[in-house]
Amino acid sequence: MSTVGLALRQVRFENKSFWRNPAAAYFTFAFPIVFLILFNLLFGHGHLNFLGHSVSTSTFYVPAIAAFSVITACYTNIAMSLSIARDSGALKRMRGSPMPAWAYMFARIVHAVLVASLLVVICAAFGAVFYQATLPTSTLPAFLLALVVGAATFCALGVAVTSVIPTSDAAPAIVNASVLPLMFISNVFIPLENPPAWIDIVAKIFPVRHFADALIGSFFQLNGSGLHANDLLVLGAWGAGGLIVAVRLFDWEPRI
């Protein structure tokens, strides 16, 4: 079998393994909807100023939670699952098999992107049905581009962050500590209309803010084509950095 065939076969295996674990599948898909409902109950009243435009607070959370879903699937899940596979010896055995290393990583990343894409569709459909969210039309290409660039960036960062995770037991703490605080200051969990200058500066250093702004801005069709070129460039830079770290420092063998 060709290496491409092996890679595609591994993608099927990753998908089957995921769906045959009902608990993992349930929490992966339930959490975004639960958050969408809860944040709308808490904050979903009136309008807010986002990037100089007035948008409904209830519909703001549709693309915001979609961004959260992509980050969870492509960063959190990849980092944690690879750390567990590394410590259990599964990665070492996989590296010694006839399958090329790139095929295995390709399968992991494609599976994560597929899950992320399905989560975005579910969030958009749920928002359209229950919160009258208007789905992007004229800015759909910009929305899809932001989705692709963001998913690629956070996949690269998810693999890269495993280089600083000493054991799988430490993975939840390190991964969540590196991303959850950023979500509170990056227009994901809480829309910040007039944040303190230092919070705004800190948020703009990291990719979460740029991904959220690009995805939300194109979802609401706030300007022309909806393309947020500067945000995508920053995302691309983070993705390139993550890829370099992942290639150089990713470890296939247990550290204990």
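The values are calculated or read from the model by the stated rules, or taken from the named source; none is laboratory data. The shown structure was predicted, so the numbers you read here are calculated from the model rather than taken from an experiment. Neighbour counts are summed over all protein chains in view; Cβ atoms, including those assigned to glycine, are modelled from backbone coordinates with ideal geometry.
Summary table below
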quantity	calculated
Tally, over segment 77-102, of residues that are surrounded by fewer than 19 Cβ atoms within 10 Å (Cβ to Cβ), touching a Ser or Thr at 6+ places or on another chain (Cβ under 6 Å) and part of a helix (DSSP H, G or I)	1
Where residue 255 falls short, out of the listed (1) over 21 Å from residue 109 (Cα atoms); (2) modelled with pLDDT of 90 or more; (3) surrounded by fewer than 19 Cβ atoms within 10 Å (Cβ to Cβ); (4) not acidic (Asp, Glu)	(2)
Top-ranked residue in segment 173-207 [being within 21 Å of residue 79 (Cα to Cα) and among the aromatic types (Phe, Trp, Tyr); ranked as surrounded by the fewest Cβ atoms within 10 Å (Cβ to Cβ)]	184
Residue count for segment 208-252, restricted to those that are in a helix (DSSP H, G or I), surrounded by fewer than 19 Cβ atoms within 10 Å (Cβ to Cβ) and of a type outside the set (Gly, Ala, Ser)	8
Pairs with Cβ under 6 Å, 6+ apart, first in segment 178-200 and among the acidic types (Asp, Glu), second surrounded by fewer than 14 Cβ atoms within 10 Å (Cβ to Cβ)	193/49
Residue check for residue 71: modelled with pLDDT of 85 or more, within 19 Å of residue 155 (Cβ to Cβ) and in contact with a Cys (Cβ under 7 Å, 6 or more places away or on another chain)	no
Residue in segment 84-99 that is over 24 Å from residue 165 (Cα atoms) and in contact with a helix residue (DSSP H, G or I) (Cβ under 6 Å, 6 or more places away or on another chain) present	yes
Scope segment 49-76; condition aliphatic (A, V, I, L, M), surrounded by 15 or more Cβ atoms within 10 Å (Cβ to Cβ) and not in a helix (DSSP H, G or I); matching residues	55
Lone qualifier among 36, 42 - being crowded, with 20+ Cβ neighbours inside 10 Å and over 18 Å from residue 209 (Cα atoms)	36
Given (1) modelled with pLDDT of 90 or more; (2) under 21 Å from the mean Cα position of the chain (by Cα); (3) of a type in the set (D, E, K, R), index of the condition residue 86 fails	(2)
Single unsatisfied condition, residue 107 versus (1) under 26 Å from residue 173 (Cα atoms); (2) among the small types (Gly, Ala, Ser); (3) surrounded by fewer than 20 Cβ atoms within 10 Å (Cβ to Cβ); (4) in contact with a Lys or Arg (Cβ under 9 Å, 6 or more places away or on another chain)	(3)
Enumeration of residues in segment 10-43 that are modelled with pLDDT under 85, in a helix (DSSP H, G or I) and of a type in the set (D, E, K, R)	none
First in segment 6-27 and in contact (Cβ under 8 Å) with a residue 40 or more places away in the chain, second anywhere and polar (S, T, N, Q), Cβ under 6 Å, 6 or more apart	none
